[in-house]
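Below is one structure; the comments refer to it alone.
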């Protein structure tokens, strides 16, 4: 994954990769952002947890309701007050809310 | 126009609804049964509570880092996406530009979520939640 390229997405504040256990492996931070490496490391652990929970919910929902289209999971995003974190697989991007293009960000992560 | 009605007017929105932060009621429109809407409300409330807990931890390491309070979350499925902002949710098809449009409308109509969300979410846990949190 080319993190520098991910930083070209609208409103990108940080781009990162992480292990299956959630440990931060590589990252790029935009200068002047309040985010720190420590926060990113916490964030990546939550990303792994949230994707696992979302997969469990999607699988359960499909089994109980008979509705399809949820699996396989293509990503998860948490929308904070000023920024959102968008993740898929083992990489993620933090985008400023006022500039965020969620669709483009999800698509970029899927292509990565 | 009410937010749920406005969302349902957009082609590609499968269902939309609102649930009480306290978890005791919900309403919806679209392609869900009463039971599925109840399940969706429980799921959305659970996820909202979870991501807010996480943001409190982030905030304790970097105060005012811009995450807290959480405004919502998105689960991107293969053909369907679930969006939640505040106590509203929407099930939408993965159509071009639909996710951005739905998120823009939900954020604009619901407004910024304040810290009292957590007090309401925790209200059923018992005790003096306000004192415990703040």
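All of (1) under 27 Å from residue B:61 (Cα atoms); (2) modelled with pLDDT of 95 or more hold for residue A:61 with one exception: (1). Filter region A:70-81 down to the residues that are modelled with pLDDT of 95 or more and farther than 14 Å from residue B:74 by Cβ and list them by number. The answer is A:71, A:72.
Looking at this structure, is residue B:94 more than 10 Å from every other protein chain (Cβ to nearest Cβ), surrounded by 16 or more Cβ atoms within 10 Å (Cβ to Cβ) and touching a strand residue (DSSP E or B) at 6+ places or on another chain (Cβ under 9 Å)? I'd like the intermediate steps shown before the answer.
Values: more than 10 Å from every other protein chain (Cβ to nearest Cβ): no; surrounded by 16 or more Cβ atoms within 10 Å (Cβ to Cβ): yes; touching a strand residue (DSSP E or B) at 6+ places or on another chain (Cβ under 9 Å): yes.
In short, no.
Scanning region B:39-55 for residues that are free of Cβ contacts under 8 Å to residues at least 24 places away in the same chain and more than 12 Å from residue A:61 (Cβ to Cβ) returns B:46, B:50, B:51, B:53, B:54, B:55. Within region B:100-114, being closer than 18 Å to residue B:69 by Cα and either more than 10 Å from chain A (Cβ to nearest Cβ) or at pLDDT below 70 (or both) holds for B:108, B:109, B:110, B:111. Region A:3-112 holds strands (runs of 3 or more DSSP E) entirely within its bounds, and those carrying 1 or more residues that are within 8 Å of chain B (Cβ to nearest Cβ) and either surrounded by fewer than 23 Cβ atoms within 10 Å (Cβ to Cβ) or in contact with a helix residue (DSSP H, G or I) (Cβ under 6 Å, 6 or more places away or on another chain) (or both) map to A:75-79, A:83-88.
The values are calculated or read from the model by the stated rules, or taken from the named source; none is laboratory data. In this text the structure is predicted, and so the values were computed from the model without any measurement. Quick reminder, even Gly has a Cβ in these numbers, built from the backbone with ideal geometry, and neighbours come from all protein chains shown.
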